[in-house]
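The values are calculated or read from the model by the stated rules, or taken from the named source; none is laboratory data. The structure presented is a predicted model; accordingly, all values stated were derived computationally and were not measured. A quick note on method: Cβ atoms are made from the backbone with ideal geometry, for glycine too, and the neighbour counts reach across all protein chains shown. Please note that ligands, DNA and RNA were not included when accessible areas were found on the heavy atoms of the full protein model with its side chains. Shrake-Rupley method; radii C 1.70, N 1.55, O 1.52, S 1.80 Å.
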Amino acid sequence: MYASRRGLLATSAAAGFAAAFDIRLATAQALTKVRLTAGANIGYSHQYVGEAAGIFRKYGIDASVALFDVGFLGTEAVVAGQAETAGTVEFPLVTLLSKGADLVVPAVMITADDLKIVALDTIAKPEDFAGKRVGYIFGSSAHYAFDRYLAHFGVPRDKVTHINVPAAEQPAVMARGDIDAFVWLQPIVQRGIDVMRGRARIMTPGIEVAYKTRTYLEMSRAWVEKNPDATVNLLKAFVECDKFVRAEPQKTAEIAGKKLNIPAAQARSLLDQIGFDFSVYLDADLSKVFDGVADWMRGQNRLTGPAPDMRKVFVPEYLRKVDPSLVKGF
């Protein structure tokens with residue numbers, strides 16, 4: 001009898017294990033694989049949280065976040081079919097749309113005054129940029145924003161020497177004396193200040209007087225139309241990521257620090273200083289911002305054809321299913 005009971009227990013345990021395995025397998029099969037991209041900076045912390053804290057998985061998304069030197073490289077990956085999401089500001093998006101990229105924007109996912117100018121102490125005021133060398137990534141948000149900054153203060157663009165410098169190299173290039181200032185995001189900004197050891201600072205007034213950073217969630221139209229439920233679930237996850245960041249600032253810093261290979265204390269300091277808003281929303285009035293960007297691009301000979309019709313690029317129906325109050329003007 002003992003042997004038969006032992007056999008029965010073993011059979012029951014095996015059956016239980018098989019059932020549990022079947023559940024895990026079914027769950028794995030139900031998940032939608034989404035390759036997210038992010039610029040390698042603190043501004044995408046909500047995505048790092050979604051990946052590490054299991055928020056994406058909670059909403060049926062098997063997510064992985066790939067880091068790129070700059071956000072628009074992620075957008076190019078989406079266009080090439082190598083990723084499902086990206087996030088950039090207006091200028092790079094207009095560039096790709098004008099070249100025929102069939103992208104859609106379901107939401108704005110980041111709002112911040114995060115672009116900073118690190119300038120030598122010899123640059124005391126905006127007018128002092130005349131005759132100076134400024135490094136930034138051509139084609140990035142810094143490019144457009146710094147032009148807006150110069151225009152805001154009436155500094156002729158051709159009086160400044162503009163140099164294309166990758167983000168990671170900007171502090172070293174400044175330390176060598178090859179540029180007098182650079183424009184980018186944290187943690188590169190702090191690295192530049194540290195490297196210069198008291199000879200440079202964050203410029204005030206800064207970019208925020210002329211430009212506010214809005215990062216748009218960008219996805220392939222074909223993928224979104226093929227995966228409408230997953231798109232809605234992804235947006236639900238972003239909403240919860242925002243709540244997590246607000247409720248758990250220290251945990252967020254630890255996750256972001258690990259993703260970016262910086263100390264958690266530094267990540268916390270950067271998040272506190274900049275005050276990112278990861279609220280998810282979509283406003284039809286933002287099409288006017290894109291019109292202004294398109295006009296600037298024409299003036300720079302960067303746009304020769306018609307500007308993209310953002311009314312066809314914005315797709316509010318997915319966010320409306322998450323929460324109608326997050327959608328305005330459509």
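Key figures for this structure:
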| quantity | calculated |
| --- | --- |
| Top positive-direction residue, dipole computed over the chain with Cβ charges, set 202, 256, 187 | 256 |
| Three-way shape call for segment 65-111 based on the alpha-carbon gyration tensor, with the a/c threshold at 1.5 | rounded |
| Cα-centre dipole for the chain with unit charges at Cβ (Lys and Arg positive, Asp and Glu negative), debye to 20 | 660 |
| In Hz, Karplus ³J(HN,Hα) per residue of segment 98-110 (6.51, -1.76, 1.60; θ = phi - 60°; x = Gly, Pro) | 5, 8, x, 5, 9, 10, 10, 10, x, 5, 8, 10, 9 |
| Extension reserve of the residue 31-residue 291 stretch, reckoned as 0.36 nm per residue once the Cα distance is removed | 89.8 nm |
| Overall form of segment 212-330 per C-alpha gyration tensor (a/c, 1.5; a/b vs b/c) | oblate |
| Residues of type aspartates and glutamates that residue 125 reaches as a straight line, Cα spacing below 16 Å, ignoring anything fewer than 8 places off in the same chain | 147, 180, 208 |
| Segment 217-286: relative contact order in percent, alpha carbon pairs under 8 Å with at least 6 residues between | 27 |
| The chain: angle of helix 286-299 to the longest principal axis, Cα-based, in degrees nearest 10 | 40 |
| Point-charge dipole on Cβ atoms (K/R +1, D/E -1) for segment 234-330, about Cα centre, debye to 20 | 220 |
| Per principal axis, descending, Cα span of segment 94-159 in whole Å | 44, 25, 19 |
| Mean Cβ count within 10 Å, highest first, over the residues of peptides 97-107, 233-243 | 233-243, 97-107 |
| Label point distance in nm, residue 69-residue 309, each placed 7 Å from Cα along Cα→Cβ | 3.7 |
| Carbon and sulfur %, accessible surface of the chain computed with the full protein complex present, 1.4 Å | 53 |
| Dipole of segment 258-330, positive direction: furthest Cα of 303, 279, 267, with charges on the beta-carbon | 267 |
| Charge-dipole axis of segment 50-162 as Lys and Arg at +1 and Asp and Glu at -1 on Cβ define it, positive-most pick from 100, 52, 143 | 143 |
| Average Cα contact separation per residue, the chain, under 8 Å, 6 or more apart, as relative contact order % | 25 |
| Listed pairs 132/312; 58/259; 132/212; 159/259; 99/258; 258/288 exceeding 31 Å between Cα atoms | 132/312; 159/259; 99/258; 258/288 |
| Extension gain, residue 317 back to residue 57 (0.36 nm per residue minus Cα-Cα distance, nm) | 91.3 nm |
| Dipole magnitude of segment 106-233 about its Cα centre (Cβ charges: Lys, Arg +1; Asp, Glu -1), debye to nearest 20 | 200 |
| Accessible area (Å², per residue) of segment 137-274, counting only protein heavy atoms and a probe of 1.4 Å | 44 |
| Cα gyration tensor shape of segment 149-255, rounded if a/c is under 1.5, else prolate or oblate by comparing a/b with b/c | prolate |
| Debye equation applied to the C-alpha atoms of the chain, log10 I(q)/I(0) at 0.07 Å⁻¹ | -0.33 |
